[in-house]
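Right, one structure below, let's go through it.
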Amino acid sequence: DQLLARERELDSTYQRFRDADLTLDLTRGKPSPAQLALSDGLDADAGGYVAADGTDTRNYGGLDGLAEARALGAAVLGVRPDEVIAGGNSSLTLMYLYLLNAWLYGPAGPGSAWRDGGAVRFLCPVPGYDRHFAILEDLGIEMINVAMTEDGPDMDEVEACVRDDPSVKGIWCVPKYSNPGGQVYSDTTVDRLGRLGTIAGSQFRIMCDNAYAVHDLDDDPPQLANIMDACRRHGTEDTLVLFASTSKVTRAGAGISFVSSSVTNLATLRKRRQVLTIGPDKVNQLRHVRFLRDLDGIRAHMRKHAAILRPKFELVLQQLSALDGAGMGSWTSPRGGYFLSFDALPGLATGIVKLAADAGVKLTPAGATFPYRRDPDDANIRLAPTFPEVAELDQAMQVFVV
């Protein structure tokens, strides 16, 4: 009788939400207008178009990007400037280009093309980032699910796959504030990633998307061990390819992207870029360097972002607390990044997303955080609280909880 009464109460509340004609969207992790406004200073006159080395940024050339932009990317990623290429606004473009090059021509040059060696498989920690999976699916690379733990990918599982199956050519990683769970890889996980190249073939690559390297919510954030240093310790620098961008630092559609790897790896990638482009938007790179200055400048800027985002994450967690002890799901409490991961009871995620949509709240489709959009448990839902205003987010989370 108590359960039936509770069901009637929830049905009544849900119907009120449906009657309210809400139009709310929690589908993608976009910066809010208030966050974008933090970078309006990019448009200020910052001293002309000539870079520190005399380069006229309005002209052709500079395939690797401005020296000062590469130095900025190196500081973010914890590598040397000669190990960085600074590109346009999209790190996703650089990821696609790197994997396309590996597929067609090989990550290590002639004779190493993935497509010439039979089946190609890739390890995908799940739940993970749908756009990573989309690249592999587009290239016809088979994806293998690997469980995510609080410390990062299940490295026992990763090492077994790499050791036992030579067709496994790589792994996706988001090492700090993983999408969507917000995990930060432990020191042990980072060291084991650095060792992977000692048991993998020469064509194996760690695709490390450090999209949230500086996206902390706290003043005392968790520290990520330097992955390139781990690879150097084990002599596996060629296995690591790092990516980052300023997309969620300044302007999502007009930032700088970075790719970093060993000098040998970059030389192979550079051959494709010489055909693809005659240089990035160096004017945009220069204004970013002048606006952000250095790593300390980036961190100061990101504290302004945190002041906007922290109340939104706190609101989501407060709303989810209504489910505490109810046995109706579990969720992560990230200390940075752009997402939270919610695991409903198995078999219910699709139904929850549909009920929310019918009440005017769009959520990321169930299954989107898994390769081929297939969550074997139909449980995971990614929550993206960054874009809506706090009042809208509050409404949307009330609907979600009901």
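Numbers below:
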item: Kirkwood hydrodynamic radius (C-alpha pairs) into Stokes-Einstein, the chain, 4 °C and 1.567 mPa s, D in µm²/s; result: 58 µm²/s
item: Kirkwood-based shape ratio for segment 86-187, expressed as Rg/Rh from alpha carbons; result: 0.97
item: Using a Förster distance of 22 Å, the FRET efficiency for LEU315-SER12 (Cβ separation, nearest 0.05); result: 0.35
item: DSSP bridge pairs, the chain: antiparallel proportion in percent, nearest 5; result: 50 percent
item: Excluding exposed DSSP-loop GluC sites (Glu not before Pro) (at most 13 other C-beta within 10 Å), longest clean stretch of the chain; result: 151-388
item: Summed residue charge, Cβ within 9 Å of LEU97's Cβ, Lys/Arg positive, Asp/Glu negative; result: +2
item: P(r), alpha carbons of segment 313-402 - 5 Å bins starting at zero, rounded %; result: 3, 14, 26, 28, 21, 8, 1
item: Inter-probe distance in nm under a simple model that places probes 7 Å from Cα toward Cβ, at VAL402 and ARG80; result: 6.0 nm
item: MRE, 222 nm, helices only [DSSP H, n ≥ 4, -39500 (n - 2.57), over the chain, to nearest 500]; result: -12000 deg cm²/dmol
item: Relative contact order [Cα under 8 Å, 6+ residues apart], segment 265-402, whole percent; result: 23 percent
item: Segment 24-173 - percent relative contact order, Cα under 8 Å, separation 6 or more; result: 14 percent
item: Estimated FRET transfer efficiency when R0 is 30 angstrom, pair ASP25-ALA300 (beta carbons, to 0.05); result: 0.50
item: Over segment 145-302, volume per residue of the alpha carbon convex hull, in Å³; result: 136 Å³
item: Reach of LYS354 by Cα under 18 Å, taken over lysines that are not fewer than 8 positions away in the same chain; result: LYS362
item: Exposed-loop-free span, longest in the chain, where trypsin sites (Lys or Arg not before Pro) count as exposed if DSSP calls them loop and at most 13 other C-beta atoms lie within 10 Å; result: 59-373
item: Between helix 349-358 and the chain: long-axis angle, C-alpha atoms, 0 to 90°, nearest 10; result: 70 degrees
item: Cross-link reach list, aspartates and glutamates versus LYS30, counting only Cα pairs under 19 Å and skipping chain neighbours closer than eight places; result: ASP40, ASP130, ASP209, ASP216, GLU314, GLU389, GLU392, ASP394
item: Normalised contact order of the chain, rounded percent, pairs of Cα under 8 Å and 6 or more residues apart; result: 26 percent
item: Per residue, in Å², the accessible surface of the chain once ligands and nucleic acids are set aside, probe 1.4 Å; result: 44 Å²
item: Under 30 Å from the Cα of LYS169 - lysines, other chains or at least 8 residues apart; result: LYS248, LYS271
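The values are calculated or read from the model by the stated rules, or taken from the named source; none is laboratory data. Since this is a predicted model, take the numbers as computed values, not measurements. Note: ideal-geometry Cβ built from the backbone for every residue, glycine included; neighbour counts use all protein chains shown. Surface accessibility is based on the protein's heavy atoms, side chains included, excluding ligands, DNA and RNA. Shrake-Rupley method; radii C 1.70, N 1.55, O 1.52, S 1.80 Å.
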